[in-house]
2 protein chains.
Amino acid sequence: MKRLLNETDQILNESLLGFSAAHNEIVSYNPEPRFIFRKGGATKGKVSLISGGGSGHEPLHAGFVGKGMLDAACPGEVFTSPTPDQMQSAAKIVDGGAGILYIVKNYSGDVMNFEIASEMLEQPNKTILTNDDVAVEDSSFTTGRRGVAGTLIVEKVVGAAAEKGLDLNICHAIGVKVNSQTRSMGVALTSCTVPAVGKPTFEISENEIEMGIGIHGEPGRKRVALAPADSIAKEMTEAILDDLKPARGSQVLLFINGFGGTPSMELYLMYNSVAKILGEQGVTIGRSLVGNYVTSLEMNGCSITLTTLDEEISGYWDAPVHTASLRWKC
Amino acid sequence: MKRLLNETDQILNESLLGFSAAHNEIVSYNPEPRFIFRKGGATKGKVSLISGGGSGHEPLHAGFVGKGMLDAACPGEVFTSPTPDQMQSAAKIVDGGAGILYIVKNYSGDVMNFEIASEMLEQPNKTILTNDDVAVEDSSFTTGRRGVAGTLIVEKVVGAAAEKGLDLNICHAIGVKVNSQTRSMGVALTSCTVPAVGKPTFEISENEIEMGIGIHGEPGRKRVALAPADSIAKEMTEAILDDLKPARGSQVLLFINGFGGTPSMELYLMYNSVAKILGEQGVTIGRSLVGNYVTSLEMNGCSITLTTLDEEISGYWDAPVHTASLRWKC
């Protein structure tokens with residue numbers, strides 16, 4: 001394993017020191033217990049959005065802390081859930097008096113730790129579970145579907161609703177709605193290597209890909225032979241469309257997400273492949289996002305996410321955002 | 001070689017189709033001869049900025065076409081110079097009547113092709129050559145230093161000056177100035193693989209890194225043993241500082257650039273390492289940029305770029321920009 005690091009057990013801390021210094025006009029870093037929060041702390045009268053999860057998926061979640069998205073992000077060790085003390089300390093700092101809304105990817109460890117945090121919290125609070133991955137129904141880490149790249153879309157949409165001053169119940173309802181209209185599926189060409197483990201999470205040959213890969217390198221639907229991009233895109237997009245069932249003529253947000261080691265050129269090539277398929281199905285692309293946003297360290301591969309759009313969701317998507325990794329109209 | 005592609009000779013076209021569709025509010029694509037240009041074409045009365053070079057470095061340059069940066073980008077095949085007909089056709093489309101300014105990375109092929117384009121052009125035109133790489137003085141592809149990640153900074157600064165309505169000579173002078181205040185150096189942990197070649201550009205063992213790597217995977221200063229991030233950062237930063245010689249107390253822009261296959265976590269860890277060294281040297285970080293912006297396909301590694309700042313350059317850096325890959329205040 002070749003990595004740009006000093007001591008393995010210091011990667012996360014040193015990386016967050018760098019992150020918070022590079023973006024010190026947007027965020028601050030609390031090292032113990034560990035969380036990233038908006039510079040200046042709480043926004044009075046606003047519902048406070050807190051997310052978190054294992055590290056290794058950057059820029060998710062810390063890269064989405066800032067105006068228009070999250071108030072705080074609680075990173076666990078690589079691919080390991082954060083602990084409730086992180087969420088509780090973060091909630092104290094960012095509490096604007098309108099309640100706390102947790103956004104949690106559906107993995108057993110995350111769900112448990114955020115549940116404990118929720119129970120310990122005195123403030124009114126609610127939780128949105130994201131579960132957009134159509135690849136597998138249950139897994140060793142989940143009951144039900146996994147939360148993957150669609151989590152970014154939920155964080156953006158709910159972040160805009162909270163910024164507008166909507167109350168806790170309404171923000172929660174909007175989050176549940178956008179999650180229910182969002183589906184994803186991934187494919188891996190290579191494995192990732194967890195620094196503390198030092199060897200690839202899985203073995204895969206030079207001619208194989210893992211269809212339906214999870215964002216921790218956990219198994220997907222099947223191991224198949226490498227195929228042309230168009231046919232990989234077709235299989236993934238059809239799996240998503242079969243489940244999402246958008247009406248002919250409906251508008252979607254198309255998000256092509258790289259897992260960290262995929263060249264930009266290939267992500268846009270995949271965008272082109274998926275766009276052709278959507279066109280054939282009479283589905284219109286209303287909004288687009290392409291890039292390495294919900295990663296698995298240095299894994300090569302990508303996921304496709306579709307969200308069906310309506311005026312409400314498009315409006316929140318377009319609303320100003322000023323974070324380290326998503327920024328517009330600010 | 002595992003890649004998300006259909007036919008190797010269609011990668012570039014399919015990728016640019018995807019790119020221009022995903023960002024169709026910002027750019028348009030002319031497939032023959034090939035270039036990306038601002039949606040709507042020329043901006044009347046404004047100096048027109050055209051860049052280009054071999055593909056495989058995305059988002060450079062097409063990702064920086066838009067308000068506040070480039071007017072057009074001419075991509076060659078992977079790691080291959082574009083041809084003069086591309087620059088000439090692009091110049092016709094984006095000519096705003098105030099002259100054409102070419103921004104060219106210092107590689108013999110690019111220099112020659114842009115020179116021919118310049119000679120063929122009837123409009124007044126000038127060229128800025130970027131040559132920020134301190135690693136090697138001459139190479140098989142260059143006379144003098146290579147132009148690498150600092151090119152992004154030149155494009156941003158000159159783009160803002162042109163947007164402000166400054167004339168061709170002044171925009172050219174600002175570009176020459178910011179290039180002269182910019183230095184970079186890179187390190188590679190793995191090679192990249194050119195799709196049409198199908199095997200890694202160079203061999204490198206599990207315990208080695210290439211110090212001073214070029215953005216095409218061409219040799220740097222030396223092949224050395226993998227070392228802690230702090231010591232890699234120290235060697236690179238000192239090489240840059242020895243050459244740039246910023247005064248104690250001066251302000252710099254620090255840009256940590258990933259080569260395409262480097263996890264975000266490690267780029268921020270490197271930022272932290274470099275920030276410590278700059279602090280010891282009495283150099284203040286006034287602006288920051290961290291991410292995969294000037295890549296070498298899927299190469300794992302990074303470069304460090306420093307630009308000494310003054311009020312003029314900071315002002316142009318902060319000015320509004322609306323491109324696919326850099327966006328603020330728009």
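The values are calculated or read from the model by the stated rules, or taken from the named source; none is laboratory data. Keep in mind it's a predicted model, so treat the numbers as computed, not measured. In this analysis, Cβ positions are derived from the backbone assuming ideal geometry, glycine residues included, and neighbour counts consider all displayed protein chains. Heads up: the accessible areas ignore ligands, DNA and RNA and are worked out on the full protein's heavy atoms, side chains in. Shrake-Rupley method; radii C 1.70, N 1.55, O 1.52, S 1.80 Å.
Counting only residues that are among the hydroxyl-bearing types (Ser, Thr, Tyr) and either open to solvent by 10 Å² or more (accessible area, probe 1.4 Å) or more than 8 Å from chain B (Cβ to nearest Cβ) (or both), segment A:259-274 holds 2 of them.
Taking the criterion of being assigned to a loop (DSSP other than H, G, I, E, B), among the acidic types (Asp, Glu) and open to solvent by 30 Å² or more (accessible area, probe 1.4 Å), would at least one residue in segment B:105-118 satisfy it? First the steps, then the outcome.
From segment B:105-118, those assigned to a loop (DSSP other than H, G, I, E, B) are B:106-107; that's our starting set.
Those still in the list that are among the acidic types (Asp, Glu) too: none.
No, segment B:105-118 contains no residue that is assigned to a loop (DSSP other than H, G, I, E, B), among the acidic types (Asp, Glu) and open to solvent by 30 Å² or more (accessible area, probe 1.4 Å).
Of the residues making up segment B:319-330, those that are within 13 Å of chain A (Cβ to nearest Cβ) and over 18 Å from the mean Cα position of the chain (by Cα) are B:PRO320, B:TRP328, B:LYS329, B:CYS330. Summed over segment B:29-64, the residues that are open to solvent by less than 10 Å² (accessible area, probe 1.4 Å), among the hydrophobic types (A, V, I, L, M, F, W, C) and within 14 Å of another protein chain (Cβ to nearest Cβ) give a count of 3. Please work out which residue is surrounded by the most Cβ atoms within 10 Å (Cβ to Cβ), limiting yourself to segment A:218-237 and to residues that are free of Cβ contacts under 8 Å to residues at least 40 places away in the same chain and basic (Lys, Arg). That would be A:ARG223.
Which residues, counting only those in segment A:259-293, are in contact (Cβ under 8 Å) with a residue 24 or more places away in the chain, under 26 Å from A:GLU311 (Cβ atoms) and not small (Gly, Ala, Ser)? Steps first, answer last, please.
Just the residues of segment A:259-293 that are in contact (Cβ under 8 Å) with a residue 24 or more places away in the chain, to begin with: A:259-262, A:264, A:266-267, A:269-270, A:273-274, A:276-278, A:281-293.
Going one step further and asking which of them are under 26 Å from A:GLU311 (Cβ atoms), we end up with A:274, A:277-278, A:281-291, A:293.
Within segment A:259-293, A:VAL274, A:ILE277, A:LEU278, A:GLN281, A:VAL283, A:THR284, A:ILE285, A:ARG287, A:LEU289, A:VAL290, A:TYR293 qualify.
Look at segment B:191-206: where a residue is within 10 Å of chain A (Cβ to nearest Cβ) and free of Cβ contacts under 8 Å to residues at least 40 places away in the same chain and a partner is surrounded by 12 or more Cβ atoms within 10 Å (Cβ to Cβ) and among the basic types (Lys, Arg), sitting 6+ places away or on another chain with Cβ atoms under 8 Å, you get B:ILE204/B:ARG223; B:GLU206/A:LYS2. Taken together, the residues in segment B:82-104 that are open to solvent by 30 Å² or more (accessible area, probe 1.4 Å) and under 27 Å from B:GLY217 (Cα atoms) amount to 1.
With respect to A:VAL176, is the statement that it is under 29 Å from A:LYS67 (Cα atoms), within 19 Å of the chain's Cα centre (by Cα) and crowded, with 24+ Cβ neighbours inside 10 Å true? Considered against the rule, which asks whether it is under 29 Å from A:LYS67 (Cα atoms), within 19 Å of the chain's Cα centre (by Cα) and crowded, with 24+ Cβ neighbours inside 10 Å, A:VAL176 comes out as no.
For segment B:121-143, a residue qualifies if it is open to solvent by 90 Å² or more (accessible area, probe 1.4 Å) and without any contact (Cβ under 8 Å) to a residue 60 or more places away in the chain, and the qualifying residues are B:GLU122, B:GLU137, B:ASP138, B:THR143.
Those residues that are more than 8 Å from chain B (Cβ to nearest Cβ) and of a type in the set (A, V, I, L, M, F, W, C), I need them from segment A:5-28; list them, please. Those that are more than 8 Å from chain B (Cβ to nearest Cβ) and of a type in the set (A, V, I, L, M, F, W, C): A:ILE26, A:VAL27. Here B:ARG3 meets each of (1) without any contact (Cβ under 8 Å) to a residue 24 or more places away in the chain; (2) crowded, with 19+ Cβ neighbours inside 10 Å; (3) outside the structural domain of B:LEU168 (by TED's automatic domain parsing) with one exception, condition (1). Scanning segment B:243-253 for residues that are open to solvent by less than 10 Å² (accessible area, probe 1.4 Å) and more than 12 Å from chain A (Cβ to nearest Cβ) yields a single hit, B:VAL252.
All of B:ILE215, B:ILE256, B:ILE240, B:ILE313 fail the test of being within 11 Å of chain A (Cβ to nearest Cβ), within 19 Å of the chain's Cα centre (by Cα), touching a residue at least 12 places away in the same chain (Cβ under 8 Å) and open to solvent by less than 30 Å² (accessible area, probe 1.4 Å), apart from B:ILE256.
Each residue in segment A:164-185 was checked for being part of a helix (DSSP H, G or I) and more than 17 Å from A:ARG145 (Cβ to Cβ), and 7 pass.
Which residues, counting only those in segment A:294-314, are of a type in the set (Ser, Thr, Tyr) and in a helix (DSSP H, G or I)?
Looking only at segment A:294-314, we keep the residues that are of a type in the set (Ser, Thr, Tyr), and these are A:295-296, A:303, A:305, A:307-308, A:314.
Within segment A:294-314, A:SER314 is the sole residue that qualifies.
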